[in-house]
Structure formats: structure tokens, C-alpha cells
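Read-outs: derived from the displayed coordinates by stated rules, not from any lab. Predicted model only: the values in this text are computed from it and were never measured. Every residue, glycine as well, gets a Cβ built from its backbone with ideal geometry; the counts of neighbours run over all protein chains shown.
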Amino acid sequence: MTPKTMFEKIWQAHIVHEKPGQPSLIYIDRHLIHEVTSPQAFEGLRLAGRPVRRPELTFATMDHNVPTTDRSLPIEDATSAKQMDTLARNCKEFGITLFDLKSPDQGIVHVIGPELGLTLPGATLVCGDSHTSTHGAFGTLAFGIGTSEVEHVLATQCLLQERPKTFLIEVTGARPYGVEAKDIILSIIGRIGTEGGTGSVIEYAGDTIRGLSMEERMTVCNMSIEGGARAGMIAPDETTFAYLRGRPYAPTDFDAAVARWKTLPSDPSARVDRTLRIDARSLTPQVTWGTNPGQVVAIDARVPNPAEFGDPNARKSAERALDYMGLRGGTPITEISIDRVFIGSCTNSRIEDLRRVARFVKGRRVLSRVYAMVVPGSQRIKQKAEQEGLDRIFKDAGFDWRESGCSMCLGMNPDTLKPGERCASTSNRNFEGRQGKGGRTHLVSPLMAAAAAVEGHFVDVRQYDLKEG
Amino acid sequence: MEPFRTLDGLVTLLDLPNVDTDQIIPKQFLKRIERTGFGQFLFYDWRFIDGTRPNPDFEMNADRYRGATILVTRANFGCGSSREHAPWALLDYGFRCLIAPSFADIFFNNCFKNGILPIRLSEDQVETLFERVRATPGYRLTIDLEKKTITSGDGLAYGFEVDEFRRLCLLNGLDDIGLTLQHEEKIRQYEASHTAA
């Protein structure tokens, strides 16, 4: 038999119909929806008089719009409230399970999927959100779709898809001190560029990747889309199985499922379309300086000079980015001072992220002129963090401790930057205006964000004693 | 979906690479629950100063480009968020065809679902279009999806590639869901035999 990649195995197992010259019709095992990209899909179903084919395979939550302040207060923004009400009404009408603001399982869609065991190895999973790539950390073929496709999945439980190319990224060697999963993925995007993965599904492999926890793997897969790839995957292994065992929606015959999942990893010598090898020992803590995630450098580097870019479009892009970011080429990254810190988002809001930040800030203080917030990814994480006393540590250090949601990653709710404010953010996008019109976003790891909160400027975390205290 | 066969239209320009969907339609406008009415917010933070006055430095705002239906832009157009509000805004503003060296995957896909034709041309061909459009006020292109050609009165003639299935869907304005439901029996068979993961 021809050796197959993990992607090929999953893809082939989900083909419902194939005809040469046409996209394949593939079956979708799991569909996640949220309030922003689903209303028009339900409206389409209603207009066409179509039912939801398998309502038990779709799960809904509210995350993008939700306020992260006290849940007992009414939602001030009427349009946000309407969008949430619309989701609740649609879920009720079509029989879909919804984790609403009152649910103890509410949270960012890409946090709660894995947390509840809705994300499983070997499955196909889609959501009307580009960061659906996160779920690939479990050996799931997971990708973001538009609203028309959300409607398509609701109506047919299938999607028409062209077969993507395969891109193997192997990271090997010991991860240096102070280098986090976020730094691995930012470095990868820095190398391949924001369209390096276009048309591809990335598989992350190598001993460095295998050594990552599930939380860290999710951080890596989450930002696959920032490298242009729709999906990023990591082969399931004992780490994956241990994470999933006992989760509410995990298979009841778990051992039988594990036996199936063990057949998923890519066969040795399976052919891929492209390979990139990275030596983890060369990795450093990363900071973005521009307005796309590929515009990134090491903490001990300087803001690049646009003249350094040979390609005229890259040069123009850099000039524009520096102008927007209010930075000058040649400035050491460690001399960039910040006003705000955001710890949260589907990239870095999980319990391990919060524990790492708490360990660092314990006994330290957020600089008085900096406003820093921690937004847990889900209610379950919030509760766990509070059980562990992390909320106390954050508050004592001067952080604002919030309710769960997407929050300032995209600023659809009231959590936004003011024009000109500069933010060290653990989120995934530094686009112009992403966190608020005129706001300046630098993407960093949770540890780098915590250190910046304390010092008021970017600082090399490798200079601290980061050992567990 | 409105079929797309031929389009003769005025061309406008957006001279930036990596235009993300956050720029095409900023987040504050994603709270509507309809598919329509997004055109007024297209490129909002670039098109307007303080959300009110048209920004004179935004090339597309020039009078000569008013009524354009074809947008020529740079590489990786539509990257970032999967929001279909981006093609809805472009369509509502009047665009039916986008030309660039490359597009981000999800955005590219979303365009076809809404009757917008995204065309990939080489960097050189796109550069030529930029030059000609800038040099010639009122510059128009004719896009023929049947023949897969782009032509202009000045003799410019390019062919382009488009996936055959997508081409037929656009030419006939076909609804994907309707097409998939023709395979109802196969979906049922699959469901009967498939062990959930």
C-alpha cells in the first residue's frame, strides 16, 4: 500500500462523492458555530425551507461579542445583544446545543471544543472562523469556512472541497530556555510569510512538537492560518489521549477509540508536497513589529529598516506598517514601551498559559501606567484558575481579571485599544485596527506579555529565572 | 446567486499587498444579521477620515473611479478572518471581479459563493494593469468567463485560469447546497457505514 500522510488518511475516510475535475464532497463530523458568522446561514435555511440535517453534530457558543465584565449585568450594546439573541433563537428552532452566557461551558469556540471533548482525532471539524485550525492539534482535520459554507454544512453535513496540498514542518531539537510555543509558530510564520501556507494543510512534526503539551500544540496549530494555511495538524499520541480521556463528549468506549486513533499518524516515507525543517535550538522569543504576523523579529533584534527589503512590495508594506505602528527602523525591540497588555484569545488563554503568567507575576507588579487584563478562554478555565488561586495572583499584581470570551483579540466587544495605544498581546493578529481603530498591536507569548506588563516595555524573558517556584 | 458570464467594467486600484478582511470590513460592522448593506462600510478605516469625510489619499476615492466594478490589487488579498462579510461588502459596493497575483484561501472560496469572480494573474500582468489604469482615466476591462479572457480597448488581452467546476457554478449561478443535495443517497449511505471518529 502507498504510504499515506495523516491528512490523506482522514481525507479519504471522509469522501462521500468524488468525480474527476470536481471538488470532493466530504463529510463533516463536527460543526461549531458562534453568533457572528451564523445568523445569515440560518436565514438562508429558512428562506429555502431546509432543515438542519444532523443538529446533534453542531454545537454553538457565544464568544466574539460577549462582554467580559460582570455576567449578571445586562449587555449594553444592543446590536451585540441582538446577535446573541438571534443565535439562541436559531439554536432553539433548529435543535442545536448552545453554550450561552449562563452556561458553565461557555467560552471561545476553539477553547471549548477541545475542553469538552468535541474535538477528536481523525474527525473532520469546521467552524465559521479562521482559527478553527486550532483543533488540528488533536490530529483533527479542522478548518475555517465562510457563512455560505456554514449553511451548507447545516443543510447537508458535507462540504465541497478541493484537495489541499500537504506541507510538512519538522521542528527538532531542545527548545531553548524562555522560548514558548507561541515563539515557535511566530518564527515559522516569519520564515514562510503570511501566504507561505496558502492552499496547504500543514503537519507539524519532529521531537520538539511531540514534546509540547496539548495546550502548546493548540497555540501552534491556531496560527496556521496566519501563515496562510487553512489547517495545521499534529499527530495524536499519548499526550492527546491523556488530555481527552474523561472529557464530557469523549467517546464512551475510549480504548476502542484510542486504538483507531493510533492508526492516524503519517506513514514513514509518505510523500508530501513541501517540507521545512527547523532547528529548535535556533529559536528565540519573538515580537511582531508590523501589521501582519509575518513581520516579526527576535526580542534581541531591532525594528527593521524598510530599505533592507529587496522586494518593492515588501518595502512598501514595511514603510506603511512602521508608519501605522509609530516606529522607526533600527529601534531596539526592548526599547519599545507599551501601554496595554492583553492575555487571552484562542491562541493563549488556556489554563497552562494562565499558570505560566501567574508564576511570573507572583510577587511582581504591573507598572502603574500600564493597563493589563487577563481574559480566560472559557468559564471552565476561569473556574479552574480561581480554584488554583491564580485570579488572586493576577489581581494582586494589578491585572484586571475578566469573564471568558474573544475580547480584545478582535475588539468586537467593549474591550478595545484607543488610537495610538500600544499593546503587548498574546492574540494572533496585529492587523491595522484589529484591537481598536488606531491601536498598535505587538504579538508575543504569554510570558513575554507578562514581562512587558511589569517592565512597561518589551524585555527578554531569558534574563529571568523562570524555573517553577 | 446572480450568474456571472461577461463583465465590462470600470477598473479601480488598491495598491497594497496582504489586505486582510479586517480592513475590507472592520469588526464593528459584523454585528448585522443580514447579508446586505455592507458596501457603505467597505475599507471603512481607509476610505474615511473620522468615519465621515472621504479620505483624499485613498486612491479608490478619486472621482475617476466612481462606479468601478473591477478591483485590481496586490498579493494575498483577503487574508485573515474567514468573515464572509468581506465579499458581501465588496459585492454590495459594486465589485463583481477582483484581480490579484494571489488570494487567501477562505476569502477566495467565499467570493465564488457570492457571484464574485477572483482572478489570479502574474505579478507582471498585475503591474501592467496598475500602469495602464493609472495612465488612462476611465480604463475599462472586459472579463469573459465563458472564454476565460480579459481584454481592453487598448489591445490588452490576457487569458486566465479558473477551476472548471467553479466556472460552471458562476456561469449558471448554481447553488452549492442544491448541487450537494443531489447526492442525498450517497450522503445517507456514508452516514450508514461511517463510524464516528
* Asked: Once every DSSP H run of n ≥ 4 in chain B is given -39500 (n - 2.57) and the sum is divided by its residues, what mean residue ellipticity at 222 nm do you get, rounded to the nearest 500 deg cm²/dmol?
  -> -8500 deg cm²/dmol
* Arrange A:Glu216, A:Glu56 by Cβ neighbour counts within 10 Å, fewest through most, would you? => A:Glu56, A:Glu216
* Principal axis dimensions, segment B:1-134 - Cα atoms, whole angstrom, descending -> 38, 33, 26
* For segment B:12-80, diffusion coefficient by Stokes-Einstein and Kirkwood Rh (Cα), 37 °C, 0.692 mPa s, µm²/s -> 254 µm²/s
* Asked: For q = 0.17 Å⁻¹, what log10 I(q)/I(0) does segment A:306-403 give under the Debye formula with an equal point scatterer on each alpha carbon and no solvent?
  -> -0.78
* To the nearest 500 deg cm²/dmol, what mean residue ellipticity at 222 nm is calculated for chain A from DSSP H runs of n ≥ 4 alone, each contributing -39,500 (n - 2.57), summed and divided by the residues? -> -9000 deg cm²/dmol
* Structure fact -> Relative contact order in percent for segment A:40-109 (Cα pairs under 8 Å, 6+ apart) equals 47 percent
* **Whether the protein assembly as shown is rounded, prolate or oblate, judged on the alpha carbon gyration tensor where a/c under 1.5 counts as rounded** => rounded
* **Packing-based exposure ordering (other Cβ within 10 Å, fewest first) of B:Phe160, A:Phe167, A:Phe99** => B:Phe160, A:Phe99, A:Phe167
* Asked: So for segment A:249-389: antiparallel DSSP bridges make up what percent, rounded to the nearest 5?
  -> 50 percent
* Which of the peptides A:140-149, A:258-267, A:108-117 is most tightly packed, and how do the rest follow, going by the mean number of other Cβ atoms within 10 Å of each residue? -> A:140-149, A:108-117, A:258-267
* Distance between segment A:231-303 and segment A:1-26 - C-alpha centres, whole angstrom -> 22 Å
* Averaged across the residues of A:83-96, what count of C-beta atoms belonging to other chains lies within 10 Å of each residue's C-beta? -> 1
* Shielding of A:220-232 by partners, i.e. mean partner chain Cβ atoms within 10 Å per residue? -> 2
* **Within 10 Å of each Cβ in A:35-41, the average number of Cβ atoms from other chains** => 5
* **Stokes-Einstein translational diffusion, segment A:108-168 - Kirkwood Rh over all Cα pairs, 1.002 mPa s, 20 °C, in µm²/s** => 177 µm²/s
* To do: Using the charge dipole of chain A (Lys, Arg: +1 at Cβ; Asp, Glu: -1 at Cβ; taken about the Cα centre), state which of A:His131, A:Asn428, A:Val297 has its Cα farthest towards the positive end.
  => A:Val297
* To do: Pairs of Cα atoms under 8 Å, at least six residues apart: use those to get the relative contact order of chain A, whole percent.
  => 17 percent
* Once you list every other residue whose beta carbon is under 11 Å from the beta carbon of B:Gly153, what net charge do they have if Lys and Arg are +1 and Asp and Glu are -1? -> 0
* Asked: In segment B:47-197, what percentage of the DSSP-assigned beta bridges are antiparallel, given to the nearest 5?
  -> 50 percent
* Rg/Rh ratio calculated on Cα atoms of segment B:89-197 (Kirkwood radius) -> 1.12
* **In Hz, Karplus ³J(HN,Hα) per residue of segment A:408-419 (6.51, -1.76, 1.60; θ = phi - 60°; x = Gly, Pro)** => 6, 4, 10, x, 7, 9, x, 7, 9, 7, 8, x
* Quote the relative contact order of chain B in percent (integer), defining contacts as alpha-carbon pairs under 8 Å separated by 6+ residues. => 26 percent
* Rounded to the nearest 20 Debye, what is the dipole magnitude of chain A about its Cα centre when Lys and Arg each give +1 and Asp and Glu each give -1 at the C-beta? -> 160 debye
* Structure fact -> Restricted to the protein assembly as shown, the DSSP antiparallel beta bridge percent, nearest 5, is 30 percent
* Grab the other residues whose beta carbon is less than 11 angstrom from that of A:Val36, score K and R as +1, D and E as -1, and report the net. => 0
* Only Lys, Arg (+1) and Asp, Glu (-1) charged, at Cβ; segment A:314-458 dipole about Cα centre in debye -> 120 debye
* With 10 Å bins from 0: P(r) over segment B:136-197, alpha-carbon pairs, percent -> 17, 28, 22, 15, 11, 6, 0
* **Packing-based exposure ordering (other Cβ within 10 Å, fewest first) of B:Ser193, A:Ser133** => B:Ser193, A:Ser133
* Structure fact -> So, over other residues within a Cβ distance under 12 Å of A:Gly330, counting Lys, Arg +1 and Asp, Glu -1, the net charge is 0
